[in-house]
């Protein structure tokens, strides 16, 4: 595929080098057109070395080839990153004062803008009007990510991660939806089962395969999110296009999740976390000897990671959406839903996805059946089918909750 990669004049231009590498390493022919301001951040030599093609931003170079017409006509896809406020304004008003804006006017294929600028610039009425104008013409404009900006402040305006832009570009090139419900959002998901060591050989574990968490990560990625997958033991590989952080124990999971949640719009605790761990871990293998008594293993309670994530969120006054998973079984004192409703109230998360588990249910299986409970009191929502089907329904519900309760700022 022939791709034109336009680079705007912002500090985030350095991250676009990674985006260019993603395009070239997947076999695409990329022509880079930086604006004059962009070359003050990243030089022409870098773009030529990474793309393998000559780079210019002047309409007066290679005039015999009529590049300002040819590039737009021949491109299968045009991606602009970072799309600064100035570049969005020039594109929206049809200006053609450099090679990039000329190429945009001549574009016949899909066009994707990945904005990056300071929060006030992104939220300014002029910028928002320009974005709406471009979208009304069929141009895809991603929502910027929210996080640390160039200075000491944070907010919406950060360039989405190169992997997220790449995924959106590939989706657009194949005719799929790009302005997706989680575009510009950061989602952190835990998956798999924790393992609590007894000695160098043995551990306490559970039956979780990680399949549901992996399906959730893929669904969130496909919905446009930047995804962090915090993975305990899993029997399936992590999906492409997500950031993977490997952990083993509940305490390790807690540490990583609290750190990752600080920069996330959505946190989904899908991991099967051990409720207890051995009070002591033997430095050597526990031996089975005829002349000794059977060992007694004392267990201590692990921290409640989901509840702690909610407490930290509430203390910060954040609009973060927290989703929990509950693997429940019924007994003579109550059924699955009654236990789940009590857990939702106790933990305080926004949504709780409830599994009825058992030896031949959920764990390690390809299909799942869940009920989604809401702290807001809406009717329980059932979802069943493959774990990919269930993940798509959960992520769609997450997108709806964000739009309804936590709108973009």
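Distance from the C-alpha centroid of segment 94-136 to that of segment 226-265: 34 Å, rounded to the whole angstrom. In plain terms, the chain from residue 286 to residue 384 could stretch by 31.0 nm, reckoned as 0.36 nm per residue minus the Cα-Cα distance. The Cα atoms of segment 186-405 give a gyration tensor whose axes a ≥ b ≥ c have a/c of 1.5 or more with a/b greater than b/c, which makes the shape prolate.
Neighbour counts of other Cβ atoms within 10 Å put 158, 21 in the fewest-to-most order 21, 158. Note on residue 89 and residue 44: their simple-model spin labels are 2.7 nm apart, each label 7 Å out from Cα toward Cβ. Dividing the helix sum by the residues of the chain, where each DSSP H run of 4 or more adds -39500 (n - 2.57), gives a mean residue ellipticity at 222 nm of -10500 deg cm²/dmol.
Any chance you could run the full-extension gain for residue 376 through residue 11? It's 0.36 nm times the residue separation minus the Cα-Cα distance, nm to one decimal. Each step should come with its number before you reach the end.
Working: separation 365, 0.36 × 365 = 131.40 nm, distance 4.09 nm.
Full extension from residue 376 to residue 11 adds 127.3 nm.
With the simple model of a label 7 Å out from the Cα in the direction of the Cβ, residue 400 to residue 202 spans 4.8 nm.
Starting with the fewest neighbours, write out 134, 258, 19 ranked by other beta-carbon atoms found within 10 Å of each beta-carbon. Kindly include the intermediate steps, with their values, before the conclusion.
Values: 134 19, 258 15, 19 25.
The order, fewest Cβ neighbours first, is 258, 134, 19.
Does segment 11-127 come out rounded, prolate or oblate, given a ≥ b ≥ c as the square roots of the eigenvalues of its C-alpha gyration tensor, rounded meaning a/c under 1.5 and, failing that, prolate meaning a/b above b/c?
oblate
Computed over the chain with a Gaussian network model linking Cα atoms closer than 10 Å, the most mobile of 378, 208, 386 is 378.
Only bridges with both residues in segment 190-344 count here: give the DSSP antiparallel percent, nearest 5. Given both bridge residues lie in segment 190-344, the antiparallel proportion sits at roughly 35 percent.
So what is the relative contact order for segment 186-405, in percent, with contacts set as C-alpha pairs under 8 Å and at least six apart?
Working: 440 pairs, mean separation 43.4, N = 220.
Relative contact order for segment 186-405 comes out at 20 percent.
Tally the DSSP beta bridges in the chain and give the antiparallel ones as a percent, rounded to 5.
Details: 23 of 64 bridges.
Of the beta bridges lying entirely in the chain, close to 35 percent run antiparallel.
For the chain, averaging the sequence separation of C-alpha pairs within contact (under 8 Å, six or more residues apart) and dividing by the residue count gives a relative contact order of 11 percent.
Can you bin segment 127-171 into rounded, prolate or oblate? Criterion: square roots of the alpha carbon gyration tensor eigenvalues sorted a ≥ b ≥ c, rounded for a/c under 1.5, prolate for a/b above b/c, oblate for the rest. Oblate, since a/c reaches 1.5 and b/c is not below a/b. Remark: segment 231-352 projects, on average over all directions, an area of 11.2 nm² (convex hull of Cα atoms).
Just the number, please: percent antiparallel of the DSSP beta bridges in segment 257-394, rounded to the nearest 5. Roughly 60 percent of the DSSP beta bridges within segment 257-394 come out antiparallel.
Entry note, segment 2-173: relative contact order of 23 percent, from Cα contacts under 8 Å with a spacing of 6+ residues. Legend: ranking of residues 163, 196 from fewest to most surrounding C-beta atoms inside 10 Å; resulting order 163, 196. Given their separation in residues at 0.36 nm each and the Cα-Cα distance between them, residue 301 and residue 60 gain 79.7 nm when the chain is fully extended.
Laboratory data are not the source of any read-out in this text; all were calculated from the coordinates shown. A quick note: this is a predicted structure, and the numbers were derived from the prediction, not measured. Because the Cβ atoms are built from the backbone with ideal geometry, glycine has one as well, and the counts that use them run over all protein chains shown.
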